[in-house]
Amino acid sequence: IKICNVVGARPNFMKMTPIVHELERRGFQQTLVHTGQHYDARMSDVFFDELGMPKPDVFLGVGSDSHAKQTAAIMVAFESTCQELRPDLVIVSGDVNSTLAAALVAAKLQIPLAHVEAGLRSFDRAMPEEVNRVVTDRLSDLLFASEESGVTHLRHEGVPEKQIHLVGNCMVDSLVKHRDASLLRSPWKEFNLEPGSYALLTLHRPSNVDEDGPLRAIMATVNRVAERLPVLFPVHPRTRDRLNRGGIVTAPGIRLTDPLPYLTFLGLMARAKCVLTDSGGIQEETTALGVPCLTLRENTERPATISCGTNRLVGNDPAQIEAGIAEILADRWPTGSRPPLWDGRAAVRVVDVIEAWAGKRQAPLL
Ligand code: UD1
């Protein structure tokens, strides 16, 4: 069978690479399509290089725009790609606009669709990612869940049991593979930091950065945190834009830098005293690494990072953020454990399911 893998934005790359490698190892015919949602070298190319992802066979070159325009542009371009390639299966991952756009195209062309990281729910429809998750799952034939909550939600939504597969976390596959190499680089040295004695901050959720008020409030709190602990802040392009436009000042203890390559960021996370973030994936990576994580959101679609892992939701409430930091500095933070199947072998399970599915499809009718 011919498989078409679709990626578009930074968080897709570390989830899809292990699957692409495993499909390759088992001799599947596959094509890699990059939508171009993330186009900066620092948001895209460097990840391909460091993860050992093959160069995309097809680049749709779509880039940034409003949600409707970006999604529509990916759909138009990907429809032509599918008509040309005629894949037997399209694989998408995560919850970005590229995921939704490719899913809609596959469904309309009646091409079977697999969704990696299915079933996660924040139940917050104000998040663009939640809309993307709900619709993509609804359209998918094979649904690969990373944690038990995903299975539960899909069952409640009436997805037939045989379509749901708890496989574990493909992003953790990449982490397990690259962790040692990332530490060998001692990336903290580049920023004059000591291992175990700095905080790492990332911010890019529209709800935190698109309005001046929340961003200003968060940065005021982080400015205070930086009096106790140096803070390294790799700044996402949309956040950089908002900081500049709002003239928001950061304290000297905060080191701002451009978005970082995968291995640099992974090594920095692994040796951080704590991480403050509003990302989805970083909640999971810190849990896999056993590093304390304060999530600057009111909800999470990844509850296993709280029930098993090292994550706590603090919203953008200064009191909660500062209380969390105080507990972490006093070494009163649970080390947590990895959720079931976050063991570096999720992609093997994904491809086991695909192989069984492909075998059944090709069985002669008696
Ligand atoms: C997207 C995903 C989000 C994911 C995040 C990871 C959606 C709805 N959101 O958000 O789930 O967590 O990626 O980074 O798909 N830009 C650049 N260079 C780039 C890409 C973007 O400068 O390579 C700038 C553009 O000004 C753009 C803005 O960043 O307008 C936002 O990019 P976009 O892809 O729309 O959303 P993200 O915020 O990156």
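The values are calculated or read from the model by the stated rules, or taken from the named source; none is laboratory data. Bear in mind that the values here come from a model prediction, so they are computed numbers and not experimental data. Virtual Cβ from ideal backbone geometry, glycine too; neighbours counted across all protein chains shown. With ligands, DNA and RNA removed, areas are computed over all heavy atoms of the protein, side chains included. Shrake-Rupley method; radii C 1.70, N 1.55, O 1.52, S 1.80 Å.
Worth a mention:
- Selection count where residues are open to solvent by less than 20 Å² (accessible area, probe 1.4 Å) and either of a type in the set (D, E) or within 14 Å of the ligand (Cβ to nearest atom) (or both), scope the stretch 37-70: 6
- Cβ-Cβ under 6 Å pairs, at least 6 apart or on other chains, the stretch 128-153 side β-branched (V, I, T), far side at pLDDT 95 or above and within 16 Å of the ligand (Cβ to nearest atom): V135/L100; T136/T99; T136/L100; T136/A103; T136/H115
- Selection from the stretch 81-97 of residues that are part of a helix (DSSP H, G or I) and more than 16 Å from the ligand (Cβ to nearest atom): T81, C82, Q83, E84, L85
- When residues of the stretch 196-214 are limited to those that are within 18 Å of P259 (Cα to Cα) and assigned to a helix (DSSP H, G or I), the one farthest from the ligand (Cβ to nearest atom): N208
- Residue within the stretch 314-326 that is crowded, with 22+ Cβ neighbours inside 10 Å and either more than 29 Å from E211 (Cβ to Cβ) or among the hydroxyl-bearing types (S, T, Y) (or both) present: no
- Some residue of the stretch 266-283 being of a type outside the set (K, R), open to solvent by less than 20 Å² (accessible area, probe 1.4 Å), in a helix (DSSP H, G or I) and over 24 Å from S44 (Cα atoms): no
- Residue check for M75: within 16 Å of the ligand (Cβ to nearest atom), in contact with a strand residue (DSSP E or B) (Cβ under 8 Å, 6 or more places away or on another chain), within 26 Å of L120 (Cβ to Cβ) and assigned to a helix (DSSP H, G or I): no
Okay, residues lined up against (1) surrounded by 15 or more Cβ atoms within 10 Å (Cβ to Cβ); (2) in a helix (DSSP H, G or I):
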position	(1), (2)
K162	no, yes
K177	yes, yes
D180	no, yes
E194	no, no
R216	yes, yes
T221	yes, yes
L243	yes, yes
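- Selection of the stretch 105-130 for residues being of a type in the set (A, V, I, L, M) and surrounded by fewer than 16 Cβ atoms within 10 Å (Cβ to Cβ) yields L109, A126.
- Criterion: among the aromatic types (F, W, Y), open to solvent by 30 Å² or more (accessible area, probe 1.4 Å), in contact (Cβ under 8 Å) with a residue 40 or more places away in the chain and not in a helix (DSSP H, G or I) - qualifying residue of W357, W333: W333
- Residues in the stretch 1-32 that are among the hydrophobic types (A, V, I, L, M, F, W, C), within 16 Å of the ligand (Cβ to nearest atom) and crowded, with 24+ Cβ neighbours inside 10 Å: V6, V7, F13, M14, M16.
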